[in-house]
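Here the structure comes first, spelled out in structure tokens, and everything after it is commentary.
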Amino acid sequence: MIFEELLDVAIKAAHLSSDIILEFSDKSKVVDYKGRTDLVTIADKKSEKLIIDTILDKFQDHSILAEESGSNSKGSKYMWLIDPLDGTTNFVHGYPSYGISIACSIDNIISIAVVKDIVNNDLYTAIMNKGAFKNGKPINISKTKTLIDSLLVTGFGYNHDVNWELNMKLFKHFTDNTQGVRRLGAASIDLCHLAAGIVDGFWEYDLKPWDTAAGKLIVEEAGGKITKLNGDKFNIYQNQILASNKIIHKDLVLDISSIIT
Ligand code: IPD
Ligand code: CA
Ligand code: CA
């Protein structure tokens, strides 16, 4: 029962904060810069407060890790991981890919997940061992068998460092060896597109736990596989992620290892 209660609260929080974000979509937005191109808007802040208030209203003693306000650890076995607005740059420019990502881990195992794609009004949800859903209907990863038949998606962080250079190489290689690589700018939604079978693989460097926590569970519950770029075990605190429909995973790892030796 606790899983359903957690999911209900996450869904409620996602809908409430999505309404707040939409209210700001035609207003002046940028309030701060975390880096030269790393924007923060009033919508990020208001959305995060609303999500946290909604969670704590029901579960006062749960721990929180949220992008804008950081960690509020209460030593609870329940920890919420919150990206109040994933795809802030898109939101600021009106590019139609941004959403909200909320997950709850129990004893460090991500157990429930919600991603709301605000622009398309799609709600992706998952409970551990109970499958993944889009708007209440089960979703599954694709059945694509080869890289040359695959559509991939990636993202580039705000720091244009050594990982960014490596990713440029991977971007070039996979653009040349698949049906294409998309770059939409909201990692949690990219992961949901993989879970729903729209794309066959996703990778990125330097994501944060709040970017990947919900998407990880949604992808795995939809039948996908997630590792580090070299195929090793992934956890949300690592700085790299490779996710796929499982079938092409080995080929992705092989190609990546040949490019970034
Ligand atoms: C960003 C998005 C983007 C990814 C960046 C993230 P934010 O999150 O998920 O797709 O490429 O690395 O930081 O800053 O919009 O919440
Ligand atoms: Ca994010
Ligand atoms: Ca964010």
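The values are calculated or read from the model by the stated rules, or taken from the named source; none is laboratory data. Predicted, not measured: the structure shown is a model, and the values here were computed from it. Methodologically, a virtual Cβ is constructed for each residue, glycine included, from the backbone with ideal geometry; neighbour enumeration extends over all protein chains shown. Heads up: the accessible areas ignore ligands, DNA and RNA and are worked out on the full protein's heavy atoms, side chains in. Shrake-Rupley method; radii C 1.70, N 1.55, O 1.52, S 1.80 Å.
Out of the stretch 68-88, which residues are open to solvent by 50 Å² or more (accessible area, probe 1.4 Å) and touching a Leu at 6+ places or on another chain (Cβ under 6 Å)?
Passing the criteria: only S71.
Can you list residue pairs whose Cβ atoms sit under 6 Å apart, with the first residue in the stretch 87-101 being in contact (Cβ under 8 Å) with a residue 40 or more places away in the chain and the second being open to solvent by less than 10 Å² (accessible area, probe 1.4 Å) and of a type in the set (F, W, Y)? Count only pairs 6 or more apart in sequence or on different chains.
Y98/F91
Quick check, is V153 at pLDDT below 95 and either buried (at least 19 other Cβ atoms within 10 Å of the Cβ) or of a type in the set (A, V, I, L, M, F, W, C) (or both)?
On the way: at pLDDT below 95: no; either buried (at least 19 other Cβ atoms within 10 Å of the Cβ) or of a type in the set (A, V, I, L, M, F, W, C) (or both): yes.
In short, no.
Does E4 satisfy the condition of being in contact (Cβ under 8 Å) with a residue 24 or more places away in the chain, assigned to a loop (DSSP other than H, G, I, E, B) and either open to solvent by less than 30 Å² (accessible area, probe 1.4 Å) or among the acidic types (D, E) (or both)?
no
Among the candidates F133, F174, single out the residue that is touching a Ser or Thr at 6+ places or on another chain (Cβ under 6 Å) and of a type outside the set (A, V, I, L, M). Step through it out loud before you land on a result.
Values: F174 fails: touching a Ser or Thr at 6+ places or on another chain (Cβ under 6 Å).
Of F133, F174, the one residue that is touching a Ser or Thr at 6+ places or on another chain (Cβ under 6 Å) and of a type outside the set (A, V, I, L, M) is F133.
Tell me the residue from D176, D190 that is under 28 Å from N140 (Cα atoms), free of Cβ contacts under 8 Å to residues at least 40 places away in the same chain and open to solvent by less than 20 Å² (accessible area, probe 1.4 Å), please. Talk me through it step by step, then tell me what you get.
Values: D176 fails: open to solvent by less than 20 Å² (accessible area, probe 1.4 Å).
From the options D176, D190, the qualifying one is D190.
Whether any residue in the stretch 159-167 is over 15 Å from the mean Cα position of the chain (by Cα) and in the same structural domain as D32 (by TED's automatic domain parsing) is what I want to check.
To start, the set of residues in the stretch 159-167 that are over 15 Å from the mean Cα position of the chain (by Cα) comprises 159-167.
Now drop any that are not in the same structural domain as D32 (by TED's automatic domain parsing), which leaves none.
No, the stretch 159-167 contains no residue that is over 15 Å from the mean Cα position of the chain (by Cα) and in the same structural domain as D32 (by TED's automatic domain parsing).
Restricting to the stretch 89-103, give me the number of residues that are more than 17 Å from C192 (Cβ to Cβ) and either within 13 Å of the chain's Cα centre (by Cα) or more than 16 Å from ligand 2 (Cβ to nearest atom) (or both).
Counting residues in the stretch 89-103 that are more than 17 Å from C192 (Cβ to Cβ) and either within 13 Å of the chain's Cα centre (by Cα) or more than 16 Å from ligand 2 (Cβ to nearest atom) (or both) gives 1.
Any chance the stretch 135-153 includes a residue that's within 16 Å of ligand 1 (Cβ to nearest atom), of a type outside the set (A, V, I, L, M, F, W, C), touching an Asp or Glu at 6+ places or on another chain (Cβ under 6 Å) and over 21 Å from S25 (Cβ atoms)? Reasoning before the result, please.
Residues of the stretch 135-153 within 16 Å of ligand 1 (Cβ to nearest atom): 152-153.
So of that shortlist, the ones also of a type outside the set (A, V, I, L, M, F, W, C) come out as none.
Among the residues of the stretch 135-153, not one is within 16 Å of ligand 1 (Cβ to nearest atom), of a type outside the set (A, V, I, L, M, F, W, C), touching an Asp or Glu at 6+ places or on another chain (Cβ under 6 Å) and over 21 Å from S25 (Cβ atoms), which makes the answer no.
Say we look at the stretch 104-136 and pick out the residues that are within 16 Å of ligand 2 (Cβ to nearest atom) and charged (D, E, K, R); which of these is surrounded by the fewest Cβ atoms within 10 Å (Cβ to Cβ)?
D117
With the condition kept exactly as written, say whether any residue in the stretch 137-159 is in contact with a Pro (Cβ under 7 Å, 6 or more places away or on another chain) and away from ligand 3 (no atom under 16 Å from the Cβ). Explain how you work it out, then say what you get.
First, pick out the residues of the stretch 137-159 that are in contact with a Pro (Cβ under 7 Å, 6 or more places away or on another chain): none.
Checked against the condition, which is being in contact with a Pro (Cβ under 7 Å, 6 or more places away or on another chain) and away from ligand 3 (no atom under 16 Å from the Cβ), the stretch 137-159 yields no hits at all.
Pick from S47, S73, S69: which is within 15 Å of ligand 3 (Cβ to nearest atom), more than 19 Å from A186 (Cα to Cα) and of a type in the set (S, T, Y)?
Working: S47 fails: more than 19 Å from A186 (Cα to Cα); S73 fails: within 15 Å of ligand 3 (Cβ to nearest atom).
On inspection, the qualifying residue turns out to be S69.
Name the residues in the stretch 232-261 that are open to solvent by 60 Å² or more (accessible area, probe 1.4 Å) and in a loop (DSSP other than H, G, I, E, B), would you?
Passing the criteria: D232, N235, Y237, N239, K246, I247, T261.
Suppose the filter is within 16 Å of L39 (Cβ to Cβ), polar (S, T, N, Q), within 16 Å of ligand 3 (Cβ to nearest atom) and assigned to a loop (DSSP other than H, G, I, E, B); does N90 pass it? Let's see the steps before the verdict.
Details: within 16 Å of L39 (Cβ to Cβ): yes; polar (S, T, N, Q): yes; within 16 Å of ligand 3 (Cβ to nearest atom): yes; assigned to a loop (DSSP other than H, G, I, E, B): no.
Criteria not met by N90.
Is it the case that the stretch 42-49 has a residue that's at pLDDT below 95, over 23 Å from F3 (Cα atoms), within 14 Å of ligand 2 (Cβ to nearest atom) and crowded, with 22+ Cβ neighbours inside 10 Å?
So far as the stretch 42-49 goes, yes, one or more of its residues are at pLDDT below 95, over 23 Å from F3 (Cα atoms), within 14 Å of ligand 2 (Cβ to nearest atom) and crowded, with 22+ Cβ neighbours inside 10 Å.
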